[in-house]
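Worksheet: one structure, shown below.
The values are calculated or read from the model by the stated rules, or taken from the named source; none is laboratory data. The structure displayed is predicted, hence computed values, not measured ones. Positions of Cβ are generated from backbone atoms using ideal geometry, with glycine treated the same way; all protein chains shown enter the neighbour counts. Ligands, DNA and RNA are stripped out before the accessible areas are found, and what is left, the full protein with its side chains, is counted by its heavy atoms. Shrake-Rupley method; radii C 1.70, N 1.55, O 1.52, S 1.80 Å.
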Amino acid sequence: VFFFPIRVLARFISFMSGINLAVFLYYGLTVALFMTLLSLITMFFSLKANVFKVYYRYMANTLMFSAIIIFEATIFFLLGGETGAFNLNESINLIPIFGYVLTGLILNHVGLYFIITVLYEEEIPFIERDALWDLVSEVLAIPVGLMLYLLYSQLAQPAIFYGGLPLLSQSIKINLYH
């Protein structure tokens, strides 16, 4: 999914947040942070941009997403969340997960606004159309992340094919049109 971000108009949408949620819920902060950095690197290379020309953009995005996932994890644990395999005999506590998602959404928007206004020195309104795209992609990605987490907790490796293969095929199909 990271190799095929979906291009809509001039923006790229990825299901990275949903997959990252599943990785965080199952493995914890360290693996999720590593996965985020690895996915950002692969996504940047798949966009075929000149690394040396836009090096500062890569560094700013990497730093921003690293900070976001650390803050998301902090809120998740402060709200009583626990990581690890899901047990079918217990109910899932959605409050820490909603805190995790909301924190990521807010910090992503504020971070992008800061990067655009300070690093790129562009004047934009605080709330614009891009914020709506972020919200839509987040709303679409989170159920997928929860599904992957629950499937992986019960089925292990086959869950990657059951959940990941449809995401990959959808990304490829949508990219054929744009």
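Might you let me know whether segment 108-122 holds any residue that is outside any helix (DSSP H, G or I), at pLDDT 80 or above, in contact with a helix residue (DSSP H, G or I) (Cβ under 7 Å, 6 or more places away or on another chain) and open to solvent by 70 Å² or more (accessible area, probe 1.4 Å)? So far as segment 108-122 goes, yes, one or more of its residues are outside any helix (DSSP H, G or I), at pLDDT 80 or above, in contact with a helix residue (DSSP H, G or I) (Cβ under 7 Å, 6 or more places away or on another chain) and open to solvent by 70 Å² or more (accessible area, probe 1.4 Å).
Can you tell me which residue within segment 54-107, out of those that are farther than 14 Å from Phe24 by Cα, small (Gly, Ala, Ser) and touching a Leu at 6+ places or on another chain (Cβ under 9 Å), is most open to solvent (accessible area, probe 1.4 Å)? Here the residue is Ala67.
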